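The values are calculated or read from the model by the stated rules, or taken from the named source; none is laboratory data. Fair warning: this is a prediction, and the values are worked out from it, not measured in the lab. Don't worry about glycine lacking a Cβ; one is built from the backbone with ideal geometry, like all the others, and counts go over all protein chains shown. All accessible areas refer to the heavy atoms of the entire protein, side chains included, with ligands and DNA or RNA removed. Shrake-Rupley method; radii C 1.70, N 1.55, O 1.52, S 1.80 Å.
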Amino acid sequence: MKKTIFTALFFASLLIQVRAQSVFTTVPVVNGKVVFQQFIHIDQALTADQRYAMLYKWGKDNYAGNPLLSGIRFDDKAKSITVGSKIELLLPQNSSGVREKVIMNYRFDASITNSGCMLVIRDITYQNSQSSGSAFFPKTFTAEETITPAAISAVSGTDKEFRTNTQKSTLFYLNELYNELSKVFSLNK
């Protein structure tokens, strides 16, 4: 009995922890564009230069030399980095039992502020890396026409399933990116 209760409590705490780390749960649209923004609090004992040094090192370690990187810019004066990159997303299994792949292109800015780091992810586009079986989607398509609630509700059938799965995989990846960057500034490394 004790083991069952302990196991249930353990899984409940894991679920709560996972939800707490999922800062991106919906697709925000700002002035007609999909823009994800999240603030990361940083220990106030660190100076702005120390914070930027940590961000700079993380950017170099994770993106410099990456074959999927399209560009990286470090702005020492503004204490920010801008990264343009891509990733292959593996979508959840669809109703036909197929797991499609989509290439997601994205750009993000991470800027050191007085009390933390502001992460802004924007300019998201997708390319099918394999045929989706849908003649509706062009070769390259924007986040606005794919993963927003309006875009998903505008279609049905396999197109709706494809867009919903693309949204799920995008949110999962962006939460991973946020969690990676948050760990850089975590006191409990």
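Strictly over 21 Å apart at the Cα level, which of K60/K168; K101/K160; K57/K79; K60/K183; K60/K139 would you flag in this model? Violating the 21 Å limit, Cα to Cα: K60/K168; K60/K139. Projecting label points 7 angstrom from Cα along Cα→Cβ for A154 and A53 puts them 4.9 nm apart.
Per the 1.4 Å probe, what fraction of the accessible area of the stretch 29-185, in percent, lies on carbon and sulfur atoms? Carbon-and-sulfur percentage of accessible area, whole number: 51.
Over the stretch 29-185, accessible surface divided per residue gives 51 Å², non-protein components excluded, 1.4 Å probe. Ellipsoid semi-axes for the stretch 29-185, based on the Cα gyration tensor and the rule √(5λ), read 33, 15, 13 Å when sorted largest first.
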